[in-house]
Amino acid sequence: MTKSQRRQLNATAPCAVCGKMFAVSEMRPWISVRPGLSALILQDVPDWGEGKFICRDDLAGYRRRYVENLLQDESGQLNALDLEVVEAIETGQILSKTPSYATDENASFGEKMADRVARFGGSWTFILAFCAILLTWMVVNLGIFLSKPFDPYPFILLNLVLSSMAALQAPIIMMSQRRQGVKDRETAMEDYKTNLKAELEIRQLHEKLDHQLVRQWEKLVEMQQIQLELLEETVSNRT
């Protein structure tokens, strides 16, 4: 590392927003800040421009305001999910997480039993077992194997058992469906937050790439102008 590079790393400069002194290597220069953020900073700092620097904390705050303005322009208001996405972008934390229902840690014993009953009641195992029990019941009570069946035709006791089972099974299935609705809403919320964050970050990435392309184009034009000037000086010296 050369002496000039060491001096550049050890150099300090004031932040254009808060006015505190920071190492230049820990701040962002004006030229590397995206135009959208620069326009937002310019509203608070009128002299923001060439040769100015901004610290990371202030840059994160303006980035948050910029994303909030984007969301407000699209939807007109920010809800709790939007604010959570904005905070995740500001802090750089991972937004997606495992839904709480994936581990069933918060589910009560009754809710777990309702899920199991509904899962078993909607399976072919239950259908085949239930048909086998009905056929066995009717065959036994037709008098073929028993001289005095406990539920002779027309199987009044069987009808009572079936009615009672249906009356109990219906609310259990409704409980399971309600829990499934909660799971679906939680999944939809997680998908919405993840998609919104990805959309905003992709938009910022596009803006940054456009800004870099413009800067590179300006540098190319400047280099061509310098080359033309050198060529003109060479031609004039020869003549």
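Remarks
- Among the residues of the stretch 15-51, those that are open to solvent by 70 Å² or more (accessible area, probe 1.4 Å) and outside any helix (DSSP H, G or I) comprise K20, M21, R28, P46, D47, E50.
- Residue in the stretch 151-171 that is modelled with pLDDT of 80 or more, in a helix (DSSP H, G or I), open to solvent by less than 70 Å² (accessible area, probe 1.4 Å) and among the aromatic types (F, W, Y) present: no
- Close pairs from the stretch 18-38: first under 10 Å from C55 (Cβ atoms), partner of a type in the set (D, E), Cβ under 8 Å, at least 6 apart: C18/D57; C18/D58
- Residue within the stretch 109-119 that is exposed (fewer than 11 other Cβ atoms within 10 Å of the Cβ) and farther than 30 Å from R63 by Cβ present: yes
- Extreme residue, modelled with the highest pLDDT, among residues of the stretch 105-120 that are in a loop (DSSP other than H, G, I, E, B) and more than 16 Å from G181 (Cβ to Cβ): S108
- Restricting the stretch 58-91 to residues that are acidic (D, E) and surrounded by 13 or more Cβ atoms within 10 Å (Cβ to Cβ), the residue that is modelled with the highest pLDDT: D58
The values are calculated or read from the model by the stated rules, or taken from the named source; none is laboratory data. Only a predicted model underlies this, so the values are computations on that prediction, with no experimental measurement involved. Note that we place each Cβ from the backbone using ideal geometry, even for glycine, and neighbour counts take in every protein chain shown. In case anyone asks, the SASA skips ligands and DNA or RNA and just uses the protein heavy atoms, side chains included. Shrake-Rupley method; radii C 1.70, N 1.55, O 1.52, S 1.80 Å.
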